[in-house]
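What follows is a set of notes on a single structure, which appears directly below.
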Amino acid sequence: MENNMNDKFKCDFEQERSNEVELVASNLEAILKSSTYKLAHEDIDLLNTDEMRGVRMLLEITKPEQVIEKENIISTVIVFGGVHISEEITSKRRLDDAEKLLASNPKSKSSKINIERLKNLHSLSHYYSEARELSKLISLDSKTKNPHSHVIVTGGGPGIMEAANRGAFDAGCKSIGLNISLPNEQHPNSFITPGLCFKFNYFAMRKFHFVMRSAAAVFFPGGFGTLDELFELLTLRQTGMKKNIPIILFGRSYWEKVINFQFLSDMGLIGENDLSIFQYANTANEAWNLIKNFSAVQNINFK
């Protein structure tokens, strides 16, 4: 009887001990898997919290800076412009497709509105060619003198940005794309140099990298995004927060319809001298000459 009790006690003890071992092992596994045990910089959930916004912004300053420094890029030329402006052959095809669609339903008001919009965009398609040519001219000149200077930088998307990256690609030169994460899916264009395309979450950090190395900026026709970048740079120049660089509005007739700078000056809202912060150009060669002449006046060796 006593032996049976001892055996039962021993069996219960061993079972309890086994349960405890399993429980402890399970607890240790839970500890190791817990997000609190992750190194802070490896905790993605932590990094995505509101409290870590400053850290994320610092990362967006530091990551591109390290790469660009490693590539020895000392200056850039910014090219901005509309995402909806495409090369002429693509623009014409879209217009033709829209006209065929209207022919199948001649009473469609939305199709008629779309055709007018596509006609307007088609009238702007030459700017794609000009942006591509300008970028090629700048890149080829830098290639023969200093390939680390005056590197083309764009927002990395379609339209004029694609054209500018494409011009550098045509010349066999590097170009940078500063892409942005948006609610609507978008991808970088195919002509950016691999390893020099960056994705940002914050517009402010993206602007920082646009401006910090810029030796010139060219603004082709565009919408809200282009206007935003234009006024950002004009304000930095007006306030002296950015050194004097060529700011070129490409397509004078477009820009004079969109913005009446003279009216702003006449109303006393900007100074008469503020009108000299920027210049106009209508061709790639004209814009390129403005950049070169500026460098000569400033006694800068355009490399």
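The values are calculated or read from the model by the stated rules, or taken from the named source; none is laboratory data. Keep in mind that this is a model prediction, so the values were computed, not measured. Cβ sites come from the backbone with ideal geometry, for glycine too, and all protein chains shown count toward neighbours. Keep in mind that these areas ignore ligands, DNA and RNA; they rest on the heavy atoms of the full protein, side chains included. Shrake-Rupley method; radii C 1.70, N 1.55, O 1.52, S 1.80 Å.
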| Looking only at the stretch 142-170, which residues are at pLDDT 95 or above and over 19 Å from the mean Cα position of the chain (by Cα)? | Asp170
| task | Would you confirm whether any residue within the stretch 167-190 is assigned to a loop (DSSP other than H, G, I, E, B), small (Gly, Ala, Ser) and under 30 Å from Ser253 (Cα atoms)? | result | yes
| said: Being in a helix (DSSP H, G or I), open to solvent by 40 Å² or more (accessible area, probe 1.4 Å), on the phi < 0 side of the Ramachandran plot and touching a Ser or Thr at 6+ places or on another chain (Cβ under 7 Å): is that true of Leu121 here? | reply: no
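Could you run through the stretch 38-53 and say how many residues are surrounded by 14 or more Cβ atoms within 10 Å (Cβ to Cβ) and farther than 18 Å from Phe200 by Cα?
The total comes to 3.
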| query | Among (1) modelled with pLDDT of 95 or more; (2) within 30 Å of Val218 (Cβ to Cβ); (3) surrounded by 14 or more Cβ atoms within 10 Å (Cβ to Cβ), where does Lys70 come up short? | reply | (3)
| task | Would you check which residues across the stretch 239-263 are under 29 Å from His209 (Cβ atoms) and hydrophobic (A, V, I, L, M, F, W, C) and list them? | result | Met241, Ile245, Ile247, Ile248, Leu249, Phe250, Trp255, Val258, Ile259, Phe261
| said: Looking only at the stretch 225-267, how many residues end up being of a type in the set (S, T, N, Q) and surrounded by fewer than 15 Cβ atoms within 10 Å (Cβ to Cβ)? | reply: 6
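Has the stretch 251-269 got at least one residue that is at pLDDT 95 or above and closer than 21 Å to Phe294 by Cα?
Yes: the stretch 251-269 contains one or more residues that are at pLDDT 95 or above and closer than 21 Å to Phe294 by Cα.
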